[in-house]
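We did not get these values from a lab; they are worked out from the coordinates using the rules stated. The model shown is predicted, which means the values in this text are computed figures rather than measured ones. When we count neighbours, we look across all protein chains shown, and the Cβ atoms used for this are built from the backbone with ideal geometry, even at glycine.
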Amino acid sequence: MNYHAIKAIYYFEMARTVRTIMQSIVSPVISTVLYFVVFGAAIGSRISEVDGISYGAFIVPGLIMLSLMTQSLSNASFGIYFPQFTGTIFEILSAPVSFLEITIAFVGAAATKAVLVGVIIFITASFFVPLEVQHPVWMVTFFLLTAITFALLGFIIGIWADNFEKLQFVPLLVVTPLAFLGGSFYSINMLPPFWQNVTLLNPVVYLISGFRWSFYGQADVSLGLSLTMTLVFLTACLAIIWWIFKTGYKLKA
């Protein structure tokens, strides 16, 4: 394992975060806080509690997950797309660095940035509503698994995209709607039976449900199913990345 190469790529990606701190950290935190204030005030005035939890506290795990998913995805996709755009990716590929080391560096940096944003949002939310974390180990587990999984997905998108429009397509038109429809702001048990079954086809439901369970001990689906679906998603992303480097898809051209 070439740890020097991993550190070099990782530190370079993290240094870019410092140079663009308004875009990388401040902007997503402000956006999520606005979500919290608007939804908490508008809907919270009509729905006082969900499953015995105040509505303001109920939506916090969903908002953190929404930010975590979008930031992991966008950071990883841009991180690997930009070297392709400038042509510096060929210098990385020609260096004595394996696909595993490249993936660890880029995905690790993207996940680190997203986790930092998520932690700041968690701390900020604690000033607005009383938060309770009943299962901190499981909270950290789902927190890290989600950040890594969506960073892997973003890595795939960054290699697949050949322009900035494609780079933004999946985060804006796929992941964000799935997060909104995945129980970020409501419990799927509030839906009619037919739509509950349809919603279970949304993979984001399992991430948000498991993360919310770690806070309040209540979930829309079982903890075991949430963890299993998350690991399946992560494994699928790893398999696709392995195939990309094995075949040279979008990398050899």
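With contacts taken as Cα pairs under 8 Å at a separation of at least 6 residues, segment 44-151 carries a relative contact order of 44 percent. With an 8 Å Cα cut-off and a minimum separation of 6 or more residues, compute the relative contact order for segment 1-106 in percent. Relative contact order, segment 1-106: 47 percent.
For Leu144 and Ile123, compute 0.36 nm times the residue count separating them, minus their Cα-Cα distance, and round to one decimal in nm.
5.9 nm
Could you compute the FRET efficiency for Phe169 and Thr247, with r as their C-beta to C-beta distance and R0 at 30 Å, rounded to 0.05?
Given R0 = 30 Å and the Cβ-Cβ separation, E is 0.85.
Compared with the direct C-alpha span, the chain from Val198 to Met14 gains 62.3 nm at full extension, assuming 0.36 nm per residue. Using only alpha carbon pairs under 8 Å that are at least six residues apart, calculate the relative contact order of the chain and give it in whole percent. Answer for the chain is 26 percent. A DSSP coil position with no more than 11 other Cβ atoms inside 10 Å describes the following trypsin sites (Lys or Arg not before Pro) in segment 147-253: Lys252. Computed from Cα atoms, the angle from the helix 136-160 axis to the main principal axis of the chain rounds to 50 degrees.
Were the residues from Met22 through Val232 laid out at 0.36 nm apart, the gain over their Cα-Cα distance would be 72.2 nm. Between the alpha-carbon centres of segment 80-120 and segment 190-253 there is a gap of 22 Å. Axis angle, to the nearest 10 degrees, between helix 203-216 and the longest C-alpha principal axis of the chain: 60 degrees. In the chain, the longest principal axis of the Cα atoms and the axis of helix 99-125 are about 30 degrees apart. For a test of the definition: using alpha carbon positions, the gyration tensor, and the 1.5 limit on a/c, classify segment 134-231 as rounded, prolate or oblate. Here segment 134-231 falls in the oblate category.
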